[in-house]
Amino acid sequence: MDEMKNLKTELDLLRIKYNAILQVEYDLQSNQAIFLRNLSQNIRIPMNGVMGMLEVLNQTKLDNEQKDYVSLISNYSENLLSIINDILDHSKLMNKTLTLEPEYFEINLLVQEIKDLLQYKVEGKGLKLVIEADKTIPTFLFGDKTRIKQILINLLNNSIRNTRDGEIVLLIDQLHMEEQKAVIRFSVKDSGYGIEDGLLRTLKKELNSNELSTKLSLNGVGLGLAISQSLLKLMNSTLMFETEKNVGSEFWFTLSIPTRHKNRSGVYNEANPGKRALKILLVEDNMLNQKFAKVTLTKQGHILDIAENGKVAIEKFSAETYDLILMDIQMPIMNGIEATKAIRKMEADNPSSEPIKIIAVTAFALDNNREECLKAGMDNFLAKPFKPNQLIRMIDEVKF
């Protein structure tokens, strides 16, 4: 009996220790996720202004040399943004909050965007970038273009980094059609160093596991590769590869993507002269982002008023009539969530007119941030950094 009691006591102690370990692990993961989210958010705010003003600068009269400089800075900014996005995606994948956002896209436009982004990097190393897309692929595909592009850029960046001379080849081939879905193979092949045996074993282990690790990044392969594998799993696919030392490597994956053969309706036309001019209140404390929004929106014929925090926004809303509010979230004195709730309460107390449309424009880019904004009374959500056309399109799609 005494032995049974002692055994039970030991089991109880082990259970307590096990639960304590689980709690510590959970706390560490939560704290790491919060840290990564805040780090990403604090970088995305100035990045939005930098990338936005580069877009504005590119629309001014520049000579060819100046255009090359702007294009070079833009490409490096895009590369920096991809690193920031990897950090954010790592946080989302750890917490299982990352979801796909499918849209209609054209494979040729995807190819051109990848070329524009990586051309300078390839030329800087004296390499050749070859991208070939199968002409039999349907014009419109329905999938998460952003994530597909992210995966391909991760693979291409790894090839560029590990190739001294020769070429990097991206092939996009349609294998066959099944039930109005195009089965497409994406392949990145290089003439680089190949992968060392020791790293090869680590790579195979990491890609076959469900956990993300920084081991690959420390060995020069890149955290992006592990993230790409996790993204592909969300798309019901997996990353495959072959490698030979001092000969090169090939990474590939296959996706089954829904197609659309008929022409799209309601395609956004930036040059539409019949757009309504809106009076917009921008609630934003960052001066560079204020400037970016002002240049972008006034060029579209809109009238812009600026409030540097939520308290000023409420005062302006009380005194003026606006068609739309673009609301930042993190601001001093009063944040965007508090300001939105206050505005919605004012409207509820005086229901003489339609509630004003409010779009969250924020560097907080996690899914729960979007839900929090919508729950507070906002109508839509745009994550920083964004391009001028993304902001213009979101405004044009608002139903007044």
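Values in this text are rule-based calculations from the coordinates and carry no lab data. Bear in mind the structure is a predicted one, so any value in this text is a computation, not a measurement. Counting neighbours? That spans all protein chains shown, and the Cβs are built from the backbone with ideal geometry, glycine included.
Numbers for the structure displayed
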| quantity | calculated |
| --- | --- |
| Separation of alpha-carbon centers, segment 297-376 and segment 99-153, rounded to whole Å | 36 |
| Cα-Cα over 25 Å, subset of Lys145/Lys357; Lys316/Lys375; Lys128/Lys387; Lys61/Lys145; Lys345/Lys399; Lys115/Lys135 | Lys145/Lys357; Lys128/Lys387; Lys61/Lys145 |
| Label-to-label distance, nm, for residues given as Arg185 and Glu167 (7 Å Cα→Cβ offset) | 1.8 |
| Separation in nanometres of the label points that stand 7 Å from Cα toward Cβ, at Leu175 and Val247 | 2.3 |
| Gain upon complete extension [Asp396, Leu57; 0.36 nm per residue less C-alpha separation] | 119.7 nm |
| Length-normalised contact order for segment 279-396 - Cα pairs under 8 Å, 6+ apart - percent | 23 |
| Sorted by Cβ neighbour density within 10 Å, fewest at the top, the residues His302, His176 | His176, His302 |
| Order of Thr60, Thr243 under a 10 Å beta carbon neighbour criterion, fewest first | Thr60, Thr243 |
| Nitroxide proxy distance, nm - points 7 Å out along Cα→Cβ at Lys233 and Tyr120 | 3.5 |
| Extension reserve of the Ile303-Leu288 stretch, reckoned as 0.36 nm per residue once the Cα distance is removed | 3.6 nm |
